[in-house]
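Derivation of every value follows stated rules applied to the coordinates shown; laboratory data play no part. In this text the structure is predicted, and so the values were computed from the model without any measurement. Every residue, glycine as well, gets a Cβ built from its backbone with ideal geometry; the counts of neighbours run over all protein chains shown.
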Amino acid sequence: MRRPLIAGNWKMNLTPSEGAALATTLRQRIGMRSDVEILLCPSFVALQAVGEAIRGSEMKLGAQDVFWRDAGAFTGQVSPLMLCAVGCEYVILGHSETRGRFGVADPDLDPTILSYFSETDASINRKLRAVLPHGLRPILCVGETLAEREAGQTERVLQTQLEGALQGVTADELYELVIAYEPVWAIGTGRVCEADEANRVCGFIRQTLRDRYGEDLATLVRILYGGSVKASNAHALLHQPEIDGALVGGASLNAEEFEQITYCAPKR
Ligand code: 13P
C-alpha cells in the first residue's frame, strides 16, 4: 500500500534559525510518526539547519530545486551531490513557480521578468535524470493554469508535462518517483480544487503512467495534491483513493496547521 506523504514546501520563507525552530517544534509533535511520511522542504540555505533539527527523527528533508550537474562553473546553482551531502532524500522538480507559471497575478511583478524563472519540460527532464542515480527521490510537479482548464486543456497539458519530464526514463529508474498535481490556479489563492475533481485528475495521471510504464509502476507511485491545502480541507482530499498525500505551501509554515494536516491522512 502507498504510505501517505505530507510534504511542506516552505518556498522562499524562513531563515535557517527560523526554519530550525519550526522543525524542532514539528519534531516534538510529530517527529516519530510512522503512519505517514513527513517531509520538510526549506530553502537551500536552511537545509543544513533543518536537517540537524530533525536528525534522528522519522521526518525527511527535501530541497525545492536542483541543477543537473554534480559540480562546475554554474554560478548560483546547487547540485544533487550537495543536496545528498546535507541529508536530502527528496527534491521538488518542476514546481509551477520555477516554471514561471504563477496562479496569482502579483502587481509588483513585471510580466517580462517571469521568463527568468521559466524552466522547461526539457530542463526538468535533465534534473530528474540527474537526481535518480544519487538516490534522491524526485517530486515532479505538474498542473494546468486557469486559462488552460477553462479551455478544456487540463489533460493535454498534464500529458505533455509528464511525457516531457519522463522522456528517456525507464520504469526501473522511476521506482522512487512521486508526482504532485498542483493546479496553478489553486496555489496560494485559497481556491482549493474540489476533492473529487482532484481525485479524477490524479487518476488520469496514474492512467498516463500505467499506459507508459505498466501497472507495477503506476501502482507504486505516490500522487500528491497541492494547492491551498489546509487543515479544514485536507481530510476530504486525503481520503480520495487516487490521492496519496499533500504538498503544502502556506499552511506548512504554521506548526499546528501542518500537524493537523498530517492527522487528516488515512491509515493505509
Ligand atoms: P499553497 O499551499 O500555499 O497554495 O502552495 C501550494 C504549493 O505550491 C506547494 O508546492
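Just to verify a result, which residue in segment 70-111, among those that are hydroxyl-bearing (Ser, Thr, Tyr) and more than 29 Å from residue 189 (Cα to Cα), is farthest from the ligand (Cβ to nearest atom)? Looking at residues that are hydroxyl-bearing (Ser, Thr, Tyr) and more than 29 Å from residue 189 (Cα to Cα), I get 75. Restricted to segment 212-243, and to residues there that are on the phi > 0 side of the Ramachandran plot and within 16 Å of the ligand (Cβ to nearest atom), the residue that is surrounded by the fewest Cβ atoms within 10 Å (Cβ to Cβ) is 228. Residue count for segment 230-261, restricted to those that are of a type in the set (S, T, N, Q), farther than 10 Å from residue 195 by Cα and not in a helix (DSSP H, G or I): 1.
The rows are residues; the columns are (1) farther than 18 Å from residue 245 by Cβ; (2) in contact (Cβ under 8 Å) with a residue 24 or more places away in the chain.
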position: 22; (1), (2): yes, yes
position: 39; (1), (2): no, yes
position: 66; (1), (2): yes, yes
position: 72; (1), (2): yes, no
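How about segment 71-121: which of its residues are hydroxyl-bearing (Ser, Thr, Tyr) and assigned to a loop (DSSP other than H, G, I, E, B)? Listed by number, the residues that qualify are 75, 79, 96, 98, 118, 120.
Scanning segment 1-11 for residues that are away from the ligand (no atom under 12 Å from the Cβ) and either assigned to a loop (DSSP other than H, G, I, E, B) or of a type in the set (Val, Ile, Thr) (or both), which turns out farthest from residue 245 (Cα to Cα)? Step through it out loud before you land on a result.
Going through segment 1-11, the residues away from the ligand (no atom under 12 Å from the Cβ) turn out to be 1-5.
This time we only want the ones that are either assigned to a loop (DSSP other than H, G, I, E, B) or of a type in the set (Val, Ile, Thr) (or both), so: 1-4.
Details: 1: 13, 2: 10, 3: 8, 4: 5 Å.
Taking the candidates together, the pick is 1.
Which ones in segment 135-166 are without any contact (Cβ under 8 Å) to a residue 40 or more places away in the chain and within 13 Å of residue 96 (Cα to Cα)? If the condition is that a residue be without any contact (Cβ under 8 Å) to a residue 40 or more places away in the chain and within 13 Å of residue 96 (Cα to Cα), then 157 is the only one that fits. Listed conditions (1) touching a residue at least 40 places away in the same chain (Cβ under 8 Å); (2) within 11 Å of the ligand (Cβ to nearest atom); (3) assigned to a helix (DSSP H, G or I) are all met by residue 209, apart from (2). Residue pairs whose Cβ atoms lie under 7 Å apart, separated by 6 or more positions or on different chains, with the first residue in segment 244-268 and on the phi < 0 side of the Ramachandran plot and the second surrounded by fewer than 23 Cβ atoms within 10 Å (Cβ to Cβ) and acidic (Asp, Glu), are 251/257; 267/35.
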